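Scroll down for the structure; my scribbles are underneath it.
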Amino acid sequence: MRKKGVVVKFMSNMAIVQDFETGEKFLCKLRGKFKEQKIRPIVGDIVEYRQIISNEGVIENIYNRKNELPRPKIANVDQVIVVTTLKSPETPLKILDRYLVLVENEKLPAIIVLNKTDLLTEKKITSFLDTYSGIYPVIVTSAKTKLGIDKLKELLKGKISTMAGMSGVGKSSLLNAINPGLSLRVNGISEKLDRGRHTTTVIELLHFDFGGWIADTPGFANLDISHIELKKLKHLFPEFDNFSCLFPDCNHIDEPGCGVKKAVEENKIKNSRYQSYVSIYKELLEGK
Ligand SMILES: Nc1nc2c(ncn2[C@@H]2O[C@H](COP(=O)(O)OP(=O)(O)OP(=O)(O)O)[C@@H](O)[C@H]2O)c(=O)[nH]1
Ligand SMILES: [Mg+2]
Ligand SMILES: [Zn+2]
């Protein structure tokens, strides 16, 4: 009987498939036809498999991918959880905006998590929300006090997610708070040493007890934006599209009659977002 599952890990010619219904894992071979067609499953693939003996099976069919992220290579991602902090480490909004641009460029929904809010004043949190909550869903969390953990859990349920965010913002801590069974290593050093030792990191999807998967390798880790098309950049700041300019091909830099620049002056677009745009725009321009 064919059953449905998700590829949670892939090693040379074998895949670990986790059953959609039961969460059981099976070490699966590939049907010969895949090799002939040069098709290789990747982590995140939704497959039909057949159980052969207790924990082993065969992948019979790979469903069409709804998307495919390049690094780490993972299919069928529903959303990216972008984790940031304002203290310890102090993460500039520019860095957050860069992650958001990379996620938009992959046409994926982003959810912003502001973590370590136990270290922040109400005022700082409010100002952050004021900048982002009109554009993206924002969850205010503390992995330490467990603030916002249930909300985050709701959003992760039943979906394939990846996490992004600078080292030390608390990605692993959040996942441990959400699902203590995962027991992820917290606080860089040992994890980083491990990563340095292995040239290729094996990507694995972790399964939540309450349903849903998350990649254990942070996405967009090198923050490279050079592959983004200059003329597309303005559309990767979704709030800019609410305003129109005299010239339809306006890049919102120094053109006359620019609706976006006017919106920045009127505080309808946040200045920090616009400054991030200009800085990425210039970076891309110089790279050409
Ligand atoms: N005060 C406070 N500390 C936190 C919070 N979340 C995480 N930390 C601490 O921040 C440090 C880094 O947390 P990690 O979870 O390892 O961060 P990470 O994002 O997984 O980092 P990388 O794996 O290097 O990318 C640890 O010492 C955590 O205990 C929080 O909400 N509040
Ligand atoms: Mg970590
Ligand atoms: Zn404009």
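The alpha-carbon of Lys107 sits under 17 angstrom from the alpha-carbons of these lysines, leaving out residues fewer than 8 places away in its chain: Lys66, Lys73, Lys159, Lys231, Lys232, Lys234.
Considering only alpha-carbon pairs that sit under 8 angstrom and 6 or more positions apart, the relative contact order computed for the chain is 15 percent. Taking 7 Å steps out from each Cα toward its Cβ at Ile135 and Asn67 produces label points 1.7 nm apart.
Of the residues Asn271, Leu120, Ile62, the one whose Cα sits farthest towards the positive end of the charge dipole of the chain is Ile62 (charges of +1 on Lys and Arg Cβ, -1 on Asp and Glu Cβ, taken about the Cα centre).
Here the label points at Glu266 and Glu60, each 7 Å from Cα along the C-beta direction, are separated by 6.0 nm in the simple model.
Between Leu93, Asn76, Pro109, the Cα set farthest toward the positive side of the dipole of segment 68-215 (charges on each charged residue's Cβ, about the Cα centre) is that of Leu93.
Counting only DSSP beta bridges whose two residues both lie in the chain, roughly 60 percent are antiparallel.
Taking Cα centre as origin and charging only the Cβ of basic (Lys, Arg, +1) and acidic (Asp, Glu, -1) residues, the dipole magnitude of segment 2-62 rounds to 260 debye. Think of the chain as having a plus end and a minus end, set by charges on the Cβ of Lys, Arg, Asp and Glu; of Asn242, Ala164, Gly212, Gly212 sits farthest toward the positive end of this dipole. For the chain, the calculated P(r) over all alpha carbon pairs, in 5 Å bins from 0 to the bin holding the longest distance, is 1, 5, 11, 14, 15, 14, 13, 10, 7, 5, 3, 1, 0, 0 percent. With a cut-off of 10 Å between beta carbons, the residues surrounding Ile42 carry a summed charge of +1, where Lys and Arg count +1 and Asp and Glu -1. On full extension, the segment bounded by Thr22 and Leu223 gains 68.7 nm, given 0.36 nm per residue less the C-alpha separation. Computed per residue of the chain from DSSP H runs no shorter than four, each worth -39500 (n - 2.57), the mean residue ellipticity at 222 nm is -8000 deg cm²/dmol.
What aspartates and glutamates does Lys4 reach when the alpha-carbon gap must be under 20 Å and sequence neighbours fewer than 8 apart in one chain are set aside? Straight-line reach from Lys4, under 20 Å: Asp19, Glu21, Glu24, Asp45, Glu48, Glu56, Glu60, Glu68, Asp78, Glu204, Asp209. Taking the Cα centre of segment 230-287 as reference, the dipole from Cβ charges on Lys and Arg (+1) and Asp and Glu (-1) amounts to some 140 debye. Compute the Cα gyration tensor for segment 68-215, then decide on rounded, prolate or oblate, letting a ≥ b ≥ c be the square roots of its eigenvalues: rounded whenever a/c is under 1.5, prolate when a/b is larger than b/c in the other cases, and oblate in all that remain. It comes out rounded by the Cα gyration axes. Once you charge only the Cβ atoms, +1 for Lys and Arg and -1 for Asp and Glu, what is the size of the charge dipole of the chain about its Cα centre, to the nearest 20 debye? About 600 debye. Packing order of peptides 120-130, 206-216, highest average first: 206-216, 120-130 (average count of other Cβ atoms within 10 Å over each peptide's residues).
Each value in this text was obtained by applying a stated rule to the coordinates, not by laboratory testing. Keep in mind that what you see is a predicted model, and the values were worked out from it rather than measured. Positions of Cβ are backbone-derived with ideal geometry, glycine not excepted, and every protein chain shown enters the neighbour counts.
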